[in-house]
Amino acid sequence: MRQSAFPGMTSSRWSLTGLAVLIAAVIPLVIGNQYTLSVMVTTLILLVLNISWNFVLGVAGVWNFGQLALYALGGYGAGIIMLHSSVSPWLALLAGGVVAAVAAVLLSFPTLRLYGIYTSLLTFAFAEVIQYVILNDGSGLTGGSFGLPIVPGLYSSLSLNAATRTYYWTTLAVVVIATLALAAVGHSRLGIALRGIRDAPAYAAARGVNPLRYRIIAFAISGFLAGIAGALYVSYNQSISPSVMGLTPMSVYVTMLVIGGLGTATGPIIGTILVQIVATLLVTHPGTEFTVLGLFLLVVVVFVPDGLTGLIARYWRRIAAWAAEEDAQPAQDDEAAPDEEPQGEQEGSPDPHVA
Amino acid sequence: MLATNLVGIAVTTVILGSIYGLVAIGMTLIYGTLRILDMSQGSMVMVGSFIGWGILVVAGWNPVLAIVAAFIATFILGALTQLVSVQPLMKRRNAIDFEMVTFITTFAVAMVLTNVALEVFGPFQRNVKNVVSGSINVYHGVDLPYQSLTMALVSIALMAGLGVFLSRSRWGMAIRAVAQNLDAARLMGVPVGKLYPITMGLASALAGIAGVFLGGLYFAYPGAGDLPLLEALIVVIFGGLGSLPGTVYAAYAIGLIQATAEVIVGTTWSLPILYGVILLVLIVRPYGLLGRPSEARL
């Protein structure tokens, strides 16, 4: 029996998603302000990175804290190709993804031998080494702490405002494609295997699921997307420096993922946009931004462990259950049943948290 | 020439190893008892160096006072960190992601502390007066500043003191009992609820004292805790999480590797070489030098 690639998606959800994408696509036509537009492009690029990170962190459950190094490697790879060769910048963009994917697979070999917290320490150390090597690079290839000089980027022939809009649509397209592709992967054999390995490693292995093989594939997919995000970053900003890595940016991105809800398709989107809005509003009070984000992170982890997506889903389910109950009286009982079934097993658990 | 290099390596090893040990041993103590990796330890070093700056430079008081003040302040801060970021999560202690969740919450505390310091003191690097000034010539061309010597001695004394505290004192034995078997310790009447904040306060206080000395070697600034945190993390993985002897061995082993690399290939590549060696060790022994696969304990 062949299943749909997106089992959770009803036709009403599809139209809601389509509407959201349509609104997002129309925004740059309405907003002409260069600053607002550039913040939105930056947010979308971060979103690509966070979607890639969410896949390895949330779906595969491997605590990889080296994702920013892959992002930077993709950015530097694409940037150096754009600077020093005459190939199409689109090929350079893809090359950035490939560089990061190869690095991710290489990183996965020692990493996947380790367990739990050791994984995060090793990957974090990997990111530090990459940053250190780029900072102290004497050959002039990466430009050390100053970063790459003026990179032509994808749309070097357009005016500033037109280029910003075009970048907006390009990154929006990447975000939509990445979200749909990773959601489809999440429901495929690969995704089910990864979740199985994450939740019950011994059981999954006993059932013949090879943890190493699936997790290496997850690293490669996630690394490729992170590299694409880095390549988009370098071509939009026309430069990249080692400051894209490090503890400070990483803490912001972790906050985005955790607040949104790890391992869900919509979590990174909600978290990234929300945190970015908060950070942009706090720009006028420099320094308070991270204090507020840190407190926000603390509160969410302690009180809402599954993030805002989980919180919304719990309330949504209550409303849906209440609506289904109202409907069930006049209509036949069977009607509400198929819709309820996938969530049925979780029905009992949410209540203590909500109350 | 060779002799100078060898003496230089030996001296640097002892100094680096003692610094690393002091910060890392607190993390090991916390991991062994609470099963969490405390990312706020770096901020405690930062707080310690600011206290050192405040008392030694601004107020111009006695260094001993600076050390005592740093101990008390970071002890309280560490205990509060536990109450705010770890205690509310203790009921989820057996969940599969407990280590990761507390990693994130202590990280959030570090974020807040660093940025509050940034807000209050600004991003400037402040010189902290040396606790002890002057230096001694150990061998031809090898100078040993008294600051580093004192720091190494204080670190070793504190590590030894911690060992005695854990093996002899009532509270120390209670901490070890909790690390070994939580339920049994509770049944024996160990006040587990009080013990957790005390353990984390104690570990943080060690990092705070390290901060007073490190402030003299480097500077006091909001990011002063980042490098010590990273080094402590490396030491802790290398030694095996939760193993106190492993941490001490690893601290000196890493000091040796780094000192040797600095003398032979220069400072630039010493950190990447260090990571390379650790990578090899972890590939051969995924749980560090003395760590045990499932329940690595004190």
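The values are calculated or read from the model by the stated rules, or taken from the named source; none is laboratory data. Keep in mind it's a predicted model, so treat the numbers as computed, not measured. Note that we place each Cβ from the backbone using ideal geometry, even for glycine, and neighbour counts take in every protein chain shown. These area figures cover heavy atoms from the full protein model, side chains too; ligands, DNA and RNA do not enter into them. Shrake-Rupley method; radii C 1.70, N 1.55, O 1.52, S 1.80 Å.
Figures for the structure shown
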quantity: The listed residue being within 21 Å of B:Ser148 (Cβ to Cβ), touching a residue at least 12 places away in the same chain (Cβ under 8 Å) and either acidic (Asp, Glu) or open to solvent by less than 10 Å² (accessible area, probe 1.4 Å) (or both), out of B:Ser85, B:Ser18, B:Ser43; calculated: B:Ser18
quantity: Filter pass, A:Thr164 being over 19 Å from A:Tyr233 (Cβ atoms), polar (S, T, N, Q), part of a helix (DSSP H, G or I) and in contact with a Ser or Thr (Cβ under 9 Å, 6 or more places away or on another chain); calculated: no
quantity: Residue in the stretch A:194-201 that is without any contact (Cβ under 8 Å) to a residue 40 or more places away in the chain and part of a helix (DSSP H, G or I) present; calculated: yes
quantity: Inter-residue pairs, beta-carbon under 9 Å, first more than 7 Å from every other protein chain (Cβ to nearest Cβ) and in the stretch B:104-120, second open to solvent by 10 Å² or more (accessible area, probe 1.4 Å) and among the acidic types (Asp, Glu), 6+ apart; calculated: B:Thr114/B:Asp226
quantity: Test: B:Val58 is at pLDDT below 85, under 17 Å from B:Ala210 (Cα atoms) and more than 16 Å from the chain's Cα centre (by Cα); calculated: no
quantity: Every residue from the stretch A:99-141 that is surrounded by 22 or more Cβ atoms within 10 Å (Cβ to Cβ) and away from chain B (no Cβ under 12 Å); calculated: A:Val99, A:Ala100, A:Ala101, A:Ala103, A:Ala104, A:Ser108
quantity: Identity of the residue in the stretch A:254-272, open to solvent by less than 30 Å² (accessible area, probe 1.4 Å) and of a type in the set (Val, Ile, Thr), that ends up nearest to the chain's Cα centre (by Cα); calculated: A:Thr272
quantity: Odd one out for A:Pro152, checked against (1) of a type outside the set (Ser, Thr, Tyr); (2) open to solvent by 30 Å² or more (accessible area, probe 1.4 Å); (3) within 14 Å of chain B (Cβ to nearest Cβ); calculated: (3)
quantity: Considering residues of the stretch A:217-253 that are in a loop (DSSP other than H, G, I, E, B) and away from every other protein chain (no Cβ under 14 Å) only, the residue most open to solvent (accessible area, probe 1.4 Å); calculated: A:Gln238
quantity: Any hit, the stretch A:8-28, residues being surrounded by 12 or more Cβ atoms within 10 Å (Cβ to Cβ), among the small types (Gly, Ala, Ser) and touching a Pro at 6+ places or on another chain (Cβ under 9 Å); calculated: yes
quantity: The stretch B:88-100 - residue that is facing chain A (nearest Cβ under 7 Å) and open to solvent by less than 20 Å² (accessible area, probe 1.4 Å) and, of those, farthest from the chain's Cα centre (by Cα); calculated: B:Leu89
quantity: Count of residues meeting criterion [more than 7 Å from chain B (Cβ to nearest Cβ) and open to solvent by 20 Å² or more (accessible area, probe 1.4 Å)] in the stretch A:289-304; calculated: 6
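The rows are residues; the columns are (1) part of a helix (DSSP H, G or I); (2) over 16 Å from A:Leu154 (Cβ atoms); (3) touching a Gly at 6+ places or on another chain (Cβ under 8 Å).
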position: A:Leu46; (1), (2), (3): yes, yes, no
position: A:Gly74; (1), (2), (3): yes, no, yes
position: A:Ala101; (1), (2), (3): yes, yes, yes
position: A:Phe126; (1), (2), (3): yes, yes, yes
position: A:Gln131; (1), (2), (3): yes, yes, yes
